[in-house]
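All remarks here apply to the structure that follows.
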Amino acid sequence: MKTVSSIVENYIKTKPFLLSALSQGIINLTSLARNIMIELESELGKDVKQGAVVMALKRLSDDLDFRVNHKIVKVLKHIGEITVRSSLIDFNFAVSDTILNSQAELISEINQHSDIFYTSSRGVNETNIVISESMSHLVDKHFANEKLIDTTTDLASITIKLPKDNISTPGVYYFIFQRLAWEGITVNEVISTSYEFTIFVSEDKVDVAFKVIKDLKGL
């Protein structure tokens, strides 16, 4: 059975930024209720009192404050080392029967350079390689026969170490990426392990992105 509370909750859940703002208590509930009345009445099929919508929003915001903030903030306060690297290039190749051999050849050669950055990820149809610009000629050399889909230059990486309870806490990554989105930061690439993840952003945005992530520890 549809109720005002269930419809309000479903509406808010489809609006990620609104969901977060509501959990932080920075929205005027009366104004929000007034703005969503028409949509809610259409969903419910009858007139709805604004006061009922405000009360539903109030209950939802109180619940979200516990469910979203308290659990996630507990994890974010224990973010570990944050490492930044600059002057990176992201190569995107189509998966082929020979691409693993090409990658093995590249890794074998770059192992002689301890101070360079290298990471890779593989999807169903694509393989991404992110490497220091100074080593880009080696990618050109070993992947000369592979199909290059795209190249992104002038990237920087931010690697974040997360506490172990991040894997049992829903919403941690969502919370981080939401804050980055609020600052207008486009994440070009993400590579993660269980307790560490790396984002790649344009070099002109890395200072802002670093501050956003660092400030999460002080929530």
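Just a few scattered comments:
- Extension reserve of the THR14-SER86 stretch, reckoned as 0.36 nm per residue once the Cα distance is removed: 22.3 nm
- Exposure proxy order (Cβ contacts within 10 Å, fewest to most) of LEU180, LEU18: LEU18, LEU180
- Phi-based couplings in Hz for the stretch 204-216 (Karplus 6.51, -1.76, 1.60; Gly and Pro marked x): 6, 10, 5, 5, 5, 4, 4, 4, 4, 5, 4, 5, 4
- Around the amide H of GLU126, modelled in the peptide plane, lie the amide H atoms of VAL95, all under 5 Å away and 5 or more residues distant in sequence or on another chain.
- In the chain, a dipole from Cβ-located charges (positive for Lys and Arg, negative for Asp and Glu) runs towards its positive end, and of THR169, ASN28, THR186 it is ASN28 whose Cα lies farthest in that direction.
- Computed E for LYS2/SER31 - FRET, C-beta separation, R0 22 angstrom, nearest 0.05: 0.40
- For the pair the stretch 165-219 / the stretch 106-158, the C-alpha centres are spaced 22 Å from each other.
- For the peptides 155-164, 181-190, the ranking by mean Cβ contacts within 10 Å, running from highest to lowest, is 155-164, 181-190.
- Here the 3J(HN,Hα) profile of the stretch 89-98, calculated from phi with Karplus coefficients 6.51, -1.76 and 1.60 at θ = phi - 60°, is 10, 10, 9, 10, 10, 6, 5, 9, 5, 10 Hz, Gly and Pro shown as x.
- A simple rule links phi to the HN-Hα coupling: the Karplus curve 6.51 cos²θ - 1.76 cosθ + 1.60 with θ = phi - 60°, which for the stretch 39-51 gives 5, 5, 5, 5, 5, 7, x, 7, 5, 10, 7, 4, x Hz, with x for Gly and Pro.
- Mean separation of Cα contacts under 8 Å (6+ apart) over length of the chain, as relative contact order %: 22 percent
- The chain - charge dipole about Cα centre, Lys and Arg +1 at Cβ, Asp and Glu -1, debye rounded to 20: 1340 debye
- Distant-in-sequence amide contacts of SER192, defined by a placed amide H-H separation under 5 Å and a gap of 5 or more residues or a different chain, comprise THR198.
- Segment VAL208-ASP154, length gained on full extension (0.36 nm per residue, minus Cα span): 17.9 nm
- Long-range amide H partners of SER87 with built H, under 5 Å: LEU155
Every number here is computed from the coordinates shown, using simple stated rules; none is lab data. In this text, all values refer to a predicted model and were calculated from it rather than measured experimentally. We place every Cβ from the backbone using ideal geometry, glycine too, and count neighbours over all the protein chains shown.
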